[in-house]
Structure formats: C-alpha cells, structure tokens
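Take a look at the structure below.
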Amino acid sequence: VETQDGGDAKNDVSPRDIIYSEPAEPLPNESPQVLHKLDFRYRGILWCDDSLSFVYESWYKTRRTRTWVISPGHENLNPRLLFDRSSEDVYSDPGSPMTRRSALGTYVIAKIKKEKDEGTFLLLNGSGASPEGNIPFLDLYDLNTGNKERIWESDKEKYYESVVALICNQDEGEINLNDLKILTSKESKTEITQYYVVTWPQKKAHQITNFPHPYPQLSSLNKEMIRYARKDGVQLTATLYLPPGYEPSVDGPLPCLMWSYPGEFKSKEAAGQVRGSPNEFAGIGPTSPLLWLTRKFAILSGPTIPIIGEGNEEANDRYIEQLVASAEAAVEEVIRRGVAHPDRIAVGGHSYGAFMTANLLAHAPHLFCCGIARSGAYNRTLTPFGFQTEDRTLWEAVETYVNMSPFIAANKIKKPILLVHGEEDNNPGTLTMQSDRFYDALKGQGVLCRLVVLPLESHGYAARESVMHLLWETDRWLQRYCVANSS
C-alpha cells in the first residue's frame, strides 16, 4: 500500500492510497499490479478467495468509513461500495463478516450456502448497539441483493450473549446453513460468562463450560446503567455499582469513586448513543476500581465524557468546558440518587483518564475531594505533533495545547492528587517524565500530592508486586482523603 499524499493528510489528492499486488516470487522485470485505489486512508483487507475480498478505508476527521467488495482474481470486475457510514454511529453498524480457518491456517471470510438459493451469503456478526444497550446479533447477508435475515439474536431481558466464533471442520467451500455451528458466550449482571455451542437448524444451545463465580463475596453487588443529560442537552450514560446489601434509605450516601476516560465525537447525536449492555457481568481486573466495592464505596464506572467538535470546529477547542460539564452532570446524578456523599467523591483514570483527572481537579475543584492519576500526560507541549486525536501541531494551535495542559494549571489544583507511573513507560505520549515534571510543579505550588514510580513497568502494570503496591497506595489515598476527607 502506497500513500499518494506523502503521508500528509492535509494534502488533497485523489486517490489518496493505492493497493498493489504482486506474486510471492515475481519474475524478472515484473511490476506490481494495482489492486484497488482509495480516497480515504487504507485500513486493511479481509480475504475470502479469488472472487471476493473486503477492503476497508476510513477518514478520521469526518469519521467516515467505507467497505469495498473486490474480486482479486478478476481484473474485469469493478470494485463495489458495500457500506459507507459514520464510524461514530454505532446504531447503524451492520456487523463484521465471520471467518473460518483455511487449509493454510489463515482466517478467511466464510461463505454460506442456503438451500434452493444460488446467492452468495455471508454471516455478519454485530454488537447490536441500541438505546436499550447492546443486543448482539448474527445476520445472514445476501451479498448480491443486500437483503438480511436475522438468524440469531441475544436475549435482551436478563442476559448478554455474543457470538465468539464460527465452528467449522471444513477448510474450503461453502458452509451449508443447516450445518451451521457457532460458539457463543452468555452472562448476566451476577452470572459469570459461560460458553455454549449452538447448532442449526434447531438452534439448540449446549453449555460446554461451568466456571465458578470468581468472587462470590460480590455476587450480589448492585449494577445499573444510568442515563442523564449534560447542561447542553447531550445525553450521557454511566454504570453505577453499589456494594452488596446496600440500602440508600438505611445506609445513606457513600464515598464514591468516579473512574472514566473521555472520547471525541463529531456530533452530539453520536456522542449520546448508548454503548455497552446493562446485562454484562461485572468483571473485576487486577487494578479495577470495582475492588473498592469491598470498602463500601459507590463506583461510577465509565461515565461518558464526550468532547464534541461539530462541523469545522475541533473537539479540543472546547475541551475544558465540555469536560467540566460532563463531570458536573455525573456528580449531580449520583448525589440526586442519594448514593454518593457530596464531599466524598474521588475521581480517577489511566492514561488519557489521568489527563482528565488532573484537569478536573484544576478546573472543577468543587466536584471532587481528591484524585488518582495513573500513567498520564500533563504537559501537551511535550507532545507537539499531536496527542490522542489532535491533528494540529503545537505551532498551529498553541493556545489549545496550553489551555488543555493541567501542568499549566498546576497553581489551580488544591485537592490531593496521587500520581502513579511506570518507570519504563514506552508510550510516546505518556513518558515517565510527564509525571516527574507535573509532580515538581505541584510541589512547587504547595499542592498535597504523592508520586509513585513502579520499577520495570511500562504503560500498564503487570508484576504482582507492582499491582499490590498500587492497590495499597490507592486504598491509603482514598481512605485518608476521600473517606476521612482530611486534607
């Protein structure tokens, strides 16, 4: 694949990318042949056979994504545009083709044969995003007509089910629909994921695993997907977790930990779409904020913090304004529900979430009693060629880079903040120096802060010693500056 714009998205050219093909062992003086030309940036190919392959292209600035159907072995057949949509619009996502293992061990698009029909059929596996949450599905898709037939769908009342893989013994040819066999997963708020084999035509499911609950002490935790609105009308969602046995009328408001990660959007409609499912099992990882349910905390997990830049406006032009508005809406909601004490709400995040945490303590100090920032970047002038999705350089948008940097606003931070970083962070946007310099700035301003550097760790933390020490530091910080609220 070769760019025609020199790798610079600001150059307006057509085509922008060209895909070439050549034999694995080309003959002397044999040149690569043009396979396909694209006006967006190339994102990959999903192969099937000489008559069918999918080519993907997308353009981040407009969020457009396209899927093309090509015939690699037939030069006389023109490419056909199959899907042209916004990558942000999860409600319209048609799903992805299911693949099977080939004789060479690679994965190729699975073709399905339907009795008494000569069409070319594929299986589209989708997340089924909807206003009620994700309802995964499997569609039988006629590639020639575009018609769809829904042949499987997740339970939407109590369970969350999804298609994991296509089970197929044959490594070539079409799969008969009546012989279809798929591996699915099934879970609920309180039941851990189990796996099933579903066979056609009866669509009967056979359970093949029986995993025990990994933490029975929290088997009766309360989980709820909540919805609320930002003051500019953007619809927001979050997942609220409450400790087992908690009763608001009896136990009163709890200390609360809000853990999040902002996202960028081009439209308010897309930003307000519901992602995830209320029926998913509450999985708890080694450094998950849900661990503090055992310490009688309310956990507000993943409250949506959309940073929206509609039309020609860049999302980060109003980053602080939208960040604070989203956090205010989330805090107001948990206080309104009576589950969070207004003076005992902590905020935290990892990477871009740490950047968010520092900015919220600087620009919305009235919302939170303390913060926990892990492996973040705090001075955007140290990432001058873009950070996250900013496509302007520092020299093109000096004011934006400066205004977004919590390092510049260190003098505004008055609440305790715990900084954690891996000593060998190799993520170019979050080098360990970011936390070192931010800590120096905070200490110079007299801010109550602590810097924890984990030896031999990169952007994430893997060693048992690192994880356990991180949890100890975090718990000590929350007990002292959130539960006791003593600064």
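Just to check I understand the Karplus step: with θ = phi - 60° and J = 6.51 cos²θ - 1.76 cosθ + 1.60, what whole-Hz values come out for segment 70-79, glycine and proline as x?
10, 10, x, x, 9, 5, 7, 9, 6, x
What is the local net charge at residue 240, summed over the other residues whose Cβ is closer than 11 Å to its Cβ (Lys, Arg +1; Asp, Glu -1)? All intermediate terms of the calculation are to be shown ahead of the outcome.
Working: positive: 223, 227, 337; negative: 224, 333.
Computed value for this residue: +1.
Which residues' amide hydrogens lie under 5 Å from the amide hydrogen of residue 277, considering only partners 5 or more residues apart or on another chain, with H built in the peptide plane?
134
Mind checking the angle between helix 319-336 and the chain's longest principal axis? C-alpha axes, 0 to 90 degrees, to the nearest 10.
70 degrees
Give me the Kirkwood hydrodynamic radius of segment 216-483 in Å, from all C-alpha pairs, to one decimal place?
On the way: mean 1/r = 0.0531 Å⁻¹.
Result for segment 216-483 stands at 18.8 Å.
In degrees from 0 to 90, rounded to the nearest 10, what is the angle of the helix 352-363 Cα long axis to the longest principal axis of the chain?
40 degrees
Report Rg/Rh for segment 1-93, rounded to two decimals, where Rg is the Cα radius of gyration and Rh the Kirkwood radius. Each step should come with its number before you reach the end.
Values: Rg = 14.5 Å, Rh = 14.4 Å.
Rg/Rh: 1.01.
Report residue 67's accessible area, 1.4 Å probe, all protein chains in place, as a number in Å² to the nearest 10.
Rounded to the nearest 10, that gives 10 Å².
Show me the ranking of peptides 169-175, 408-414 by mean Cβ neighbours inside 10 Å, starting with the highest.
Numbers: 169-175: 12.4, 408-414: 18.0.
My ranking of the peptides, most packed first, is 408-414, 169-175.
Expressed as an acute angle from 0 to 90° and rounded to the nearest 10, what is the orientation of the C-alpha long axis of helix 464-478 relative to the principal long axis of the chain?
The angle comes out at about 50 degrees.
Taking amide H positions as placed in the peptide plane 1.01 Å from N, state which residues far from residue 454 in sequence (5 or more) or on other chains have amide H under 5 Å from it.
421, 422, 423
If contacts are Cα pairs under 8 angstrom and at least 6 residues apart, what is the relative contact order of segment 205-309 in percent? Can you show the working numbers first?
Values: 157 pairs, mean separation 37.3, N = 105.
Computed value for segment 205-309: 36 percent relative contact order.
Kindly write out, for segment 56-64 in residue order, the coupling ³J(HN,Hα) from the Karplus curve 6.51 cos²θ - 1.76 cosθ + 1.60 (θ = phi - 60°), rounded to whole Hz, with x marking Gly and Pro.
10, 9, 7, 9, 5, 4, 9, 6, 7
Quick one: which residues, 5 or more positions from residue 64 or on another chain, have an amide H under 5 Å from its amide H? H modelled 1.01 Å from N in the peptide plane, none for Pro or chain starts.
Amide H neighbours of residue 64: 59, 87.
With charges only on Cβ, +1 for K and R and -1 for D and E, what is the dipole size of segment 1-85 about its Cα centre, in debye, rounded to 20? Could the numbers behind the result be given before it?
Working: 11 positive and 14 negative charges, 147 e Å.
In debye, rounded to 20, segment 1-85 gives about 700.
Mind listing which GluC sites (Glu not before Pro) in segment 328-417 are in a DSSP loop and have 16 or fewer other Cβ atoms within 10 Å? It would help to have the intermediate numbers written out before the result.
On the way: sites: 328, 332, 333, 390, 396, 399; in loops: 390, 396.
Taking segment 328-417 and a limit of 16 other Cβ atoms within 10 Å, the loop GluC sites (Glu not before Pro) found are 396.
Which value at 222 nm does the chain reach when only helices count, each DSSP H run of 4 or more adding -39,500 (n - 2.57), with the total divided by all residues and rounded to the nearest 500 deg cm²/dmol?
Working: 7 runs with 72 residues, N = 487.
Estimated from H runs of four or more residues: -4500 deg cm²/dmol.
Which of the peptides 347-354, 210-217, 472-479 is most tightly packed, and how do the rest follow, judged by the mean count of other Cβ atoms within 10 Å per residue? The partial results should precede the final answer.
Details: 347-354: 24.4, 210-217: 10.0, 472-479: 16.8.
Final packing ranking: 347-354, 472-479, 210-217.
Which of the residue pairs 158/204; 231/296; 113/158; 116/186; 156/231 have a Cα-Cα distance greater than 28 Å in the structure shown? Working shown, then result.
On the way: 158/204 19 Å; 231/296 30 Å; 113/158 33 Å; 116/186 33 Å; 156/231 31 Å.
The pairs that break the limit, which is 28 Å between Cα atoms, are 231/296; 113/158; 116/186; 156/231.
How much of residue 83 can a 1.4 Å solvent probe reach, expressed as accessible area in Å² and rounded to 10?
40 Å²
Please work out whether segment 89-212 counts as rounded, prolate or oblate from its C-alpha gyration tensor, where a ≥ b ≥ c are the square roots of the eigenvalues and a/c under 1.5 means rounded, while otherwise a/b larger than b/c means prolate and anything else oblate?
Oblate, because a/c is 1.5 or more while a/b does not exceed b/c.
Classify the chain from the C-alpha gyration tensor, please: rounded if a/c falls under 1.5, else prolate or oblate depending on whether a/b exceeds b/c. Kindly include the intermediate steps, with their values, before the conclusion.
On the way: a/c = 2.12, a/b = 1.41, b/c = 1.50.
Oblate, since a/c reaches 1.5 and b/c is not below a/b.
Could you grab the relative contact order for segment 89-212? Cα pairs under 8 Å, six or more apart, rounded to a whole percent. Don't skip to the answer; put the middle values down first.
Details: 263 pairs, mean separation 22.6, N = 124.
Normalised by residue count, the contact order of segment 89-212 is 18 percent.
May I ask you to evaluate 6.51 cos²θ - 1.76 cosθ + 1.60, the Karplus curve with θ = phi - 60°, for each residue of segment 192-207 and list the ³J(HN,Hα) values in order in whole Hz, giving x for glycine and proline?
Taking θ as phi minus 60°, the curve returns 5, 4, 10, 10, 9, 10, 10, 10, 9, x, 6, 6, 8, 9, 10, 6 Hz for segment 192-207.
Output the relative contact order of segment 162-229, whole-number percent, from Cα pairs under 8 angstrom with separation of 6+ residues. Intermediate values should be presented prior to the final figure.
On the way: 91 pairs, mean separation 15.9, N = 68.
Computed value for segment 162-229: 23 percent relative contact order.
The values are calculated or read from the model by the stated rules, or taken from the named source; none is laboratory data. Note that this is a predicted model, so its numbers are computed, not measured. Positions of Cβ are backbone-derived with ideal geometry, glycine not excepted, and every protein chain shown enters the neighbour counts. For the accessible areas, the whole protein counts, side chains as well, though only heavy atoms, and no ligand, DNA or RNA atoms are used. Shrake-Rupley method; radii C 1.70, N 1.55, O 1.52, S 1.80 Å.
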